[in-house]
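Each remark here refers to the structure printed beneath this line.
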Amino acid sequence: MHDDFILQTTGLTKEFKGFAAVQDVNLSVRRGHIHALIGPNGAGKTTVFNLLTKFLQPTAGTIRFNGTDITREEPAQIARRGVVRSFQISATFPHLSVLENVRVALQRKTGTSFHFWRSEASLNKLNDRAVELLESVDLGGYIDAITMELPYGRKRALEIATTLALEPELMLLDEPTQGMGHEDVGRVVELIRKVSAGRTILMVEHNLSVVETLSNVITVLQRGAILAEGPYETVSKDPRVLEAYVGVEA
């Protein structure tokens, strides 16, 4: 049943001057799952994300979201459909407060970004929703903080909150724990688990213990092609995966 899969790519290919960065990738992301995309550097993970969010046009292949062919759609259309990429895209405004950052995202969602003359009442409604979102990512105590002064892990939590403000049905997380210390990694893992309720997550992640903890399904890319796919316990024992990652001859 196609209904089981929220996102499917068929023969997804991207060539740059004759070099195939992504080649013939057939990806099926099951609704409600956390699906991880892993692979050594240069495997094509970021290119796949760029293709899915339409920052790049594929050379060949199709992308379907909820059964609709979205291959030729613009990035803004994709976002309106509920495919929202976190971290790189929802870069926060460093000089605004934490609350103001979430409010900006909420205004983008309601399409009223530039109505500065909006009534006090409607702004208060946005404030209430913004506070709710911040509490959901454990930032209740940081509402008035200036964003640039937040610790690194908390900034990441704010980016998740601004992404959630856009009400994603499919949330793309790009290296969510990159550059984090152990404590922050643990906090962000719990956060991802929490916000995954009722939505689907596709994430690129280097940290294999994070992948093991969170993912239902893992797709391993190597040189732009799918090398292996399945649950962590299967994929982590695959000799080809071990060789790709560690250079171990099986």
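The values are calculated or read from the model by the stated rules, or taken from the named source; none is laboratory data. Since the model is a prediction, treat every value here as computed from it, not as a measurement. All Cβ positions, even for glycine, are placed from backbone atoms using ideal geometry, and neighbour counts span all protein chains on display. The accessibility values were calculated without ligands, DNA or RNA, using every heavy atom of the protein model including side chains. Shrake-Rupley method; radii C 1.70, N 1.55, O 1.52, S 1.80 Å.
Number of residues in the stretch 1-43 that are touching a residue at least 12 places away in the same chain (Cβ under 8 Å) and either of a type in the set (Ser, Thr, Tyr) or assigned to a loop (DSSP other than H, G, I, E, B) (or both) equals 13.
Considering only the stretch 161-178, I want to know if a residue exists there that is farther than 12 Å from GLY39 by Cβ, assigned to a loop (DSSP other than H, G, I, E, B), open to solvent by less than 40 Å² (accessible area, probe 1.4 Å) and touching a Phe, Trp or Tyr at 6+ places or on another chain (Cβ under 9 Å).
Within the stretch 161-178, the first condition is being farther than 12 Å from GLY39 by Cβ, and the residues that meet it are 161-178.
If we keep only those that are assigned to a loop (DSSP other than H, G, I, E, B) as well, we get 166-169, 175-178.
From the residues that got through so far, the ones that are open to solvent by less than 40 Å² (accessible area, probe 1.4 Å) too are 166, 168, 175-177.
Now drop any that are not touching a Phe, Trp or Tyr at 6+ places or on another chain (Cβ under 9 Å), which leaves 175-176.
Yes - at least one qualifying residue is present in the stretch 161-178.
Just a yes or no: is a residue in the stretch 49-59 of a type in the set (Ser, Thr, Tyr) and either part of a strand (DSSP E or B) or free of Cβ contacts under 8 Å to residues at least 24 places away in the same chain (or both)? No, that holds for no residue.
Yes/no per residue for (1) touching a Leu at 6+ places or on another chain (Cβ under 8 Å); (2) assigned to a strand (DSSP E or B); (3) open to solvent by less than 10 Å² (accessible area, probe 1.4 Å); (4) modelled with pLDDT of 95 or more:
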site	(1), (2), (3), (4)
MET180	no, no, no, no
ASP184	no, no, no, no
VAL188	no, no, yes, no
LEU202	yes, yes, yes, yes
ILE226	yes, yes, no, yes
LEU242	no, no, no, no
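Sort out which residues of the stretch 21-43 are within 11 Å of ALA60 (Cα to Cα) and surrounded by fewer than 18 Cβ atoms within 10 Å (Cβ to Cβ), and write them in order of number. Selection gives ASP24 alone. Checking THR92, THR71 one by one, the residue that is among the β-branched types (Val, Ile, Thr), assigned to a loop (DSSP other than H, G, I, E, B) and either at pLDDT 95 or above or loosely packed, with under 13 Cβ neighbours inside 10 Å (or both) is THR71 and no other.
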